[in-house]
1. What is the number of the single condition among (1) more than 16 Å from the ligand (Cβ to nearest atom); (2) open to solvent by less than 10 Å² (accessible area, probe 1.4 Å) that Asn371 does not meet?
2. Restrict the check to the range 33-53 and report whether at least one residue is without any contact (Cβ under 8 Å) to a residue 12 or more places away in the chain and under 30 Å from Ser347 (Cβ atoms).
3. Checking Lys13 against (1) over 23 Å from the mean Cα position of the chain (by Cα); (2) exposed (fewer than 10 other Cβ atoms within 10 Å of the Cβ); (3) not assigned by TED's automatic domain parsing to the domain that holds Leu257, which test does it fail?
4. State all residues of the range 340-354 that are modelled with pLDDT of 95 or more and open to solvent by 10 Å² or more (accessible area, probe 1.4 Å); if no residue qualifies, say none.
5. Give the range 202-235 a look and list any residue that's without any contact (Cβ under 8 Å) to a residue 40 or more places away in the chain and of a type in the set (Gly, Ala, Ser), or say none.
6. So, in the range 338-387, how many residues would count as being touching a helix residue (DSSP H, G or I) at 6+ places or on another chain (Cβ under 9 Å) and on the phi > 0 side of the Ramachandran plot?
7. Residues being more than 24 Å from Ser218 (Cα to Cα) and within 16 Å of the ligand (Cβ to nearest atom): count how many of those fall in the range 244-298.
8. Has the range 338-351 got any residue that is without any contact (Cβ under 8 Å) to a residue 40 or more places away in the chain, outside any strand (DSSP E or B) and either of a type outside the set (Asp, Glu) or under 19 Å from Gly42 (Cβ atoms) (or both)?
Amino acid sequence: MAEIAKDYQQLPKNYLFREIKQRKLAHIARRPGVHVYDLGIGDVSLPLPSNVTNAMAQKALSLEYAETFTGYEGSEGGVELKNRIAEYYHALGADILPQEIFINDGAKGDCADVQTLFASGTTFGLQDPAYPVYANSIILSGKAGEVDNNGQHKNIVYLECTEENDFIPDVPKEKIDVIYLCFPNNPTGATASEKTLKKYVDYANDNKAILIFDAAYSWFIRETDKPKSIYEVEGANTCAIEIQSLSKAAGFTGVRLGWTVIPQELSAENVDPGEINQLWRKRQQIHFNGPSNVAQAGGEVILSPTGLESVVESTNYYLNNAKSIKATLAKAGIKSWGGVNAPYVWSETPTVDGKKLSSWEAFDHYLERANVIATPGVGFGPSGEGFTRFSAFGKSEDNDAAIKAIVDNLQTN
Ligand code: MLT
């Protein structure tokens with residue numbers, strides 16, 4: 001008899017965004033015809049630029065002819081795209097070689113799978129709140145360890161992100177083996193300076209720890225003292241893995257394309273330079289036959305000079321949405337953070353009829369009163385309680401109408 005692994009039973013009842021979708025559908029079923037504004041999941045709304053869609057269409061059409069047809073192209077992605085990615089890092093002043101780049105079908109899979117590199121008993125540091133995939137994947141692989149009376153897993157150390165530390169935790173006092181960092185942060189929108197990242201890089205090198213740097217939102221950085229890649233920070237090539245995505249940068253949430261960088265110099269306790277790079281290569285050969293060749297054709301255009309210009313245009317559009325969310329919340333006296341170098345606005349839950357709402361109460365309130373979906377902060381971790389995340393990825397007219405509806409309907413009487 002096939003038995004289900006017990007690790008699966010430790011997962012939350014519902015994946016956060018699935019739970020939200022179910023509640024949205026139930027709301028629509030109760031109020032047929034209602035227009036629900038969705039500022040929940042970070043899914044893009046702008047269409048792709050025509051040079052990107054043309055390149056993908058041409059690639060797709062070339063598959064019709066024997067002379068131009070291509071099949072498997074290797075589990076790490078194509079040489080041309082890897083070269084473009086290496087150039088992208090070079091332009092940031094970072095030294096990354098094509099053989100250190102592993103192209104994937106979007107960052108999510110590697111965010112979940114990268115922990116498979118590490119032995120059970122490894123301790124994992126997570127920003128709290130954080131993208132739920134990090135914790136859930138560690139739990140799924142059985143590496144989270146026993147759960148204590150507070151519901152905390154033995155091998156997961158939560159690095160609290162609070163208003164007091166500007167949602168950027170200081171480096172841990174104790175040794176943690178692997179630390180996930182996401183800047184600009186999902187969900188808080190906090191963005192780390194070079195100085196802060198240097199502290200983490202020094203911590204990791206001193207402790208022979210590894211940083212897993214989720215850079216999916218780097219494309220939204222506008223402040224010049226904020227690095228877009230961890231490899232802009234001196235010393236990062238010996239201690240950091242970076243995961244990158246074209247989903248939010250270039251509207252590829254449906255097309256699917258991203259990459260992971262594992263520098264040759266990366267080492268850790270009892271791990272020699274080059275070893276992790278080789279092991280991940282082998283792992284990819286076993287698990288993955290490479291990203292879609294059509295998606296890669298689009299990716300090459302995005303990383304060209306004109307493609308990068310369109311990334312600036314689309315990210316500006318979403319940053320304007322974020323600005324508008326923040327301004328409207330501020331007028332209603334609701335504090336918010338993020339949204340400056342990030343497409344997420346993190347806001348305190350409101351006080352309604354004299355009571356400060358919990359994250360899920362605010363979710364229900366916004367949905368019932370204003371037909372707006374926003375993500376409950378607690379879904380990203382215990383320190384997210386009392387907060388809501390607004391995604392700025394909607395169409396600007398919906399974005400503005402949604403946030404206005406929220407503030408116009410704050411009180412129940
Ligand atoms: C989010 O909304 O937090 C995520 O971006 C959704 C995802 O990428 O899985």
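The values are calculated or read from the model by the stated rules, or taken from the named source; none is laboratory data. Predicted, not measured: the structure shown is a model, and the values here were computed from it. We place every Cβ from the backbone using ideal geometry, glycine too, and count neighbours over all the protein chains shown. Remember, those area values only see protein heavy atoms, side chains included, never the ligands or the DNA or RNA. Shrake-Rupley method; radii C 1.70, N 1.55, O 1.52, S 1.80 Å.
1. (2)
2. There is at least one residue in the range 33-53 that is without any contact (Cβ under 8 Å) to a residue 12 or more places away in the chain and under 30 Å from Ser347 (Cβ atoms).
3. It fails just one condition, (1).
4. Val340, Glu348
5. Listed by number, the residues that qualify are Ala204, Ala215, Ser218, Gly235.
6. 5
7. Residues that pass the stated criteria total 0.
8. yes
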